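Here's the structure we're looking at; comments come further down.
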Amino acid sequence: MQEKNEEYLYFLRRAFDGMLEVLEDLGDDLGNTPPPLPGANSVYAIAYHCAAVADYWTGHIIAGREIDRDRASEFTATGCGRDLRQQVAALFKQLETDLAAVPPTASPRNTPPADFEGPDRPLSVQGVQLHVLEELAQHHGQIQITRDLLKQRTGS
């Protein structure tokens, strides 16, 4: 079971490293700037949202930790890329702890609220992990496109 967690966390780390590298490359000013599209989010807000996704779905849904999540505010979050990298490092330590005691074939300890976007069927722990990877992969690509739009707009 430990090997499966290591492999899962390896792929989460790859997604987060890619997102945070883009954020650090843009710098805090541009990283907190949404592209000029209706409803678009900044790179920082997307990466912050991804940290909240991983924490909520792994910590609360899988492991049963209580988490007070304000999903709507994640999309307008602003901050420093360096600080977010430290938060993600701490998150990974917590995720290791969360996953250590839960077999991948077990049922999650909590069910997501019906108004949260996510799979529309019951999931095993492994299914929740796949959903988190799905979200991070999707948002990693969104961050890359956002970076390209911002760089084109600023000529950098």
ask   = Could you give the radius of gyration (one decimal) and Dmax (whole number) of the Cα atoms in the stretch 70-139, in Å?
value = 14.1, 38
remark   = With Rg from the Cα atoms and Rh as the Kirkwood inverse mean 1/r over Cα pairs, the stretch 100-152 has an Rg/Rh of 1.15
query = Quick one: ranking Glu74, Glu96 by accessible area, 1.4 Å probe, largest first, what do you get?
reply = Glu96, Glu74
request  = Might you tell me the accessible area per residue for the chain, computed with a 1.4 Å probe and given in Å²?
outcome  = 55
query = What residue among Pro104, Pro38, Pro119 shows peak mean-square fluctuation when the chain is described by a Gaussian network model with Cα springs under 10 Å?
reply = Pro38
task = Just grab the label-to-label distance for Leu149 and Thr78, each label 7 Å out from Cα along the Cβ direction, in nm (one decimal).
result = 1.8
inquiry  = If a paramagnetic tag sat 7 Å from the Cα of Thr111 along the Cα-Cβ line, which residues of the stretch 53-96 would have the backbone N under 19 Å from that point?
reply    = 57-67
request  = Compute, for Leu130, the solvent-accessible surface of its heavy atoms (probe 1.4 Å) with the complete set of protein chains present, and express it in square angstrom to the nearest 10.
outcome  = 110
query = Roughly how many percent of the accessible protein surface of the stretch 1-102 is carbon and sulfur, given a 1.4 Å probe and a whole-percent answer?
reply = 48
task = Using only Cα atoms, figure out Rg for the stretch 36-99 and give it as a multiple of 2.2 N^0.38 Å.
result = 1.18
note = FRET efficiency (Glu24, Gln126; Cβ distance; R0 35 Å; to 0.05) is 0.65
message = Order Tyr48, Tyr56, Tyr10 by their accessible area, 1.4 angstrom probe, all chains in place, largest first.
response = Tyr10, Tyr48, Tyr56
request  = For the stretch 10-50, just say rounded, prolate or oblate: build the C-alpha gyration tensor, square-root its eigenvalues into a ≥ b ≥ c, call rounded for a/c under 1.5, and beyond that prolate if a/b exceeds b/c, oblate if not.
outcome  = oblate
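The values are calculated or read from the model by the stated rules, or taken from the named source; none is laboratory data. Note that the structure is predicted; figures quoted are calculated from it, not measured. Quick reminder, even Gly has a Cβ in these numbers, built from the backbone with ideal geometry, and neighbours come from all protein chains shown. Surface areas here come from the heavy atoms of the whole protein model, side chains and all, with no ligands, DNA or RNA. Shrake-Rupley method; radii C 1.70, N 1.55, O 1.52, S 1.80 Å.
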